[in-house]
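J.: Below is a structure I'd like to ask you about.
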Amino acid sequence: MKASVFFIGACTVVLAGLALTRLGVNEYYFFAGYVVLQFVVLATAWNILGGYAGYVNFGSAGFFAIGVYCSIALTKAFALPLPLLILASSIAAGLIGLATGYLTLRLRGVFFAIATLALAIVLETLVANWSYVGGAAGTFVMRPRKVIFFDSYVEFLFIVMLVLAVSSVVIARTIERSRFGRGLRAIRDEEVAAESM
């Protein structure tokens, strides 16, 4: 499929989601869609390393948690709007991901899987003991009283998650068709041969 056709299809999906919010559909469906789209983002992120490179990564949920708890900390400290929270949380998770990748991508097979599992356990322990974000009990984040253009906050979250899901699929497809993606597939097929190239 050509890149332009794929991009048009991605934009069409977002526009269809926006149209759904104008039809007065029950909020439950938007909430269910929001949850499904969260898993689309997580599955797409896992697929880049697990699917293309063949590396079993147990740290994906940890990076998701970094984004969530970074958002909570920033909300409590500065009460930032959602787009800035998404940007700041993405940067924080990305920087920690780069640092983790620098340390773990030299490992192979089961050793890489154990290292990413250890990362997830360390992050869980840190969050459970970080009282500022609620620790093991968790925390509540107050929703805004009014959201511009949308009838409810759930519709707004659905559209935000739809945009993130479509963006993650577009990014994954771009990686798949890039030189980097070919390198990941080479590692999956024959790591020793890929190293020698």
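J.: Among (1) hydrophobic (A, V, I, L, M, F, W, C); (2) modelled with pLDDT under 90; (3) surrounded by 14 or more Cβ atoms within 10 Å (Cβ to Cβ), which single condition is Ile96 missing?
T.: Every condition holds for Ile96 apart from (2).
J.: Given the condition at pLDDT 90 or above, of a type outside the set (Ser, Thr, Tyr), more than 25 Å from Glu176 (Cα to Cα) and within 19 Å of the chain's Cα centre (by Cα), answer yes or no: does some residue in segment 34-48 qualify?
T.: Yes.
J.: Please go through segment 45-62 and pick out each residue that is among the β-branched types (Val, Ile, Thr) and surrounded by 20 or more Cβ atoms within 10 Å (Cβ to Cβ).
T.: Ile48
J.: Can you report the number of residues in segment 1-27 which are over 26 Å from Tyr153 (Cα atoms) and of a type in the set (D, E, K, R)?
T.: 1
J.: Need a quick list: helices (runs of 4 or more DSSP H) entirely within segment 100-197 having at least 3 residues that are surrounded by 14 or more Cβ atoms within 10 Å (Cβ to Cβ) and of a type outside the set (A, V, I, L, M).
T.: Answer list for segment 100-197: 109-128, 153-176, 179-189.
Residues are listed down the side, and each one gets a yes or a no for (1) basic (Lys, Arg); (2) over 24 Å from Leu184 (Cβ atoms):
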site: Phe6; (1), (2): no, no
site: Leu18; (1), (2): no, yes
site: Arg22; (1), (2): yes, yes
site: Ala43; (1), (2): no, no
site: Gly51; (1), (2): no, no
site: Tyr55; (1), (2): no, no
site: Phe63; (1), (2): no, no
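J.: How many residues does segment 76-104 contain that are farther than 24 Å from Leu164 by Cα, among the hydrophobic types (A, V, I, L, M, F, W, C) and either free of Cβ contacts under 8 Å to residues at least 12 places away in the same chain or touching a Pro at 6+ places or on another chain (Cβ under 6 Å) (or both)?
T.: Adding up the residues that qualify gives 1.
The values are calculated or read from the model by the stated rules, or taken from the named source; none is laboratory data. Just so it is clear, the structure is predicted and the values come from calculations on it, not from any experiment. Neighbour counts are summed over all protein chains in view; Cβ atoms, including those assigned to glycine, are modelled from backbone coordinates with ideal geometry.
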